[in-house]
Amino acid sequence: MSARRTIGLFLVSAVLFGGTFVAAKFGLAHLPPLIFVALRFDIGALVLVGYAAHRLSFADLRPRSLGDVVAILSTGVLVIGLTNASIFVGQQYTTSGVAAIVMSLNPILTMVFAALALSDERLTRRGVVGMFAGLVGVALVANPDPSTLAGSAGLSIIFAAAVLSALGAVTIRWADPTMSSTARTVWGVPIAAVVTHFLSFVAGEPSAVGPIPPAALLALAFLGIGSGAVAYLTYFALIDAAGATRANLLFYFTPVVSALGGWFLLNETISPLTVLGFAVIFAGFLLVGSASIASTLASRRPRTWARWVTVRSRVRSTLHISTNNGARADTDR
C-alpha cells in the first residue's frame, strides 16, 4: 500500500472518530447510551451490507481459517461492540476532556500488547518518547479539571474501553487473517449491533424511545454512516497497512478533531494551551513515525531528502567542532 493511501486512511479515520465525541453530545441527551450505540451500528450494518452486495462476492466474505474467525470476533465484539458501549456509558459519568485522555492511552496499551504478542511491532526508544509526548499533548488539549480525574465510575469504564480496543486491534494482527479488512468490517459491525442490543436489554434500557429532535437524528446518521461504517473500513485497512501500534496513533488526534468540532459546531473555545497541545501531539507523532517519514521522503522526494541529509550533516559537524573547541578551552584552563 502506498504511503499516500496510508496517510489518507489515517486522516479519514481520525476525523470520523474525532467527530464521534461531538455527535455523541447531541444524541446522549435524548437516547439511552446503549440503545444509542446499538442504533448507530444498525445503520452502519445496513450501509455495509449494501456496500458488500455491490462490491464483494460470497467468496470474499467467507471465513477460510481459524484466524479469520478470531479476527472477525475481535473486530465485532472487542474493537467495535464492547469498546463503544463502554465509551458511551462512561461518558455519562465524566467529562469529554477526561474521556479523551483515557482513550488516548490506547496507543500505549497497544504498544504493550504488541510487544507481548507481535514480534514485528516493537518501537524504538524514540518511538516510546513520541508515544508519551502525544499523551502529554492530549492532556493539554483536553485540559480537564483535576477533581474529575479521581473517584469517577466513568474513568474505569472508559479505561476498560481503551484496553478492549487495544487488545482487539493487536489480536486481529496476531490472528493473521486471510480475509480483507473490508470483509471483516462487513461482519464486525452487525456483530457489534447484536452485542450492544443484548447489553441494552440486560441493562434494562427502555426498548421504546420518544420523539428525537432533528439535531440528534443528524448525529445518529453521522455516527451510523460516518463513524459506524466508513471509519471502521478505513481504520481496519490502516491496521493491515501500518500495524496496530502505529494505526492507533490516530487516537492522539481524535481529541484535536473533537476540539475543533466543538469550536465550530458548539461554540466551544480553543485556548492557547489547546494550541500548545496540538503542537506537542504533532511532535510526538513525528518522533514515532520518523523512520516511515524518512523512507517516504527518500523514495518520493530524493532531491529534498538529499538536501536535508546535507544540511543535517553540516549542522552535526558544526556542533561537533564547537563541542571539541569548548572541551579544549576547558582543558587549557
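Coordinate-derived values only; no laboratory data. Keep in mind that this is a model prediction, so the values were computed, not measured. Reconstructed Cβ throughout: ideal geometry from the backbone, glycine too, with neighbour counts over all protein chains shown.
Computed FRET efficiency, Cβ-Cβ of Leu273 and Leu56, R0 51 Å: what is it to the nearest 0.05?
0.65
At 7 Å along the Cα-to-beta-carbon direction for both Ala208 and Val112, put a label point, then send me their distance in nm to one decimal.
4.6
Neighbouring Cβ atoms within 10 Å as the yardstick, rank His54, His197 fewest first.
So the ranking, lowest neighbour count to highest, is His54, His197.
Give me Thr310, Thr20, Thr110, Thr83 ranked fewest to most by other Cβ atoms within 10 Å of their Cβ, as a rough exposure proxy.
Neighbour counts put them in this order, fewest first: Thr310, Thr20, Thr83, Thr110.
What list do you get for Ser258, Ser57, Ser180 if you sort them by fewest beta carbons within 10 Å?
Neighbour counts put them in this order, fewest first: Ser57, Ser180, Ser258.
What's the extension gain from Phe159 to Arg64 if we count 0.36 nm per residue and subtract their Cα-Cα distance?
Working it through step by step, the gained length comes to 30.8 nm.
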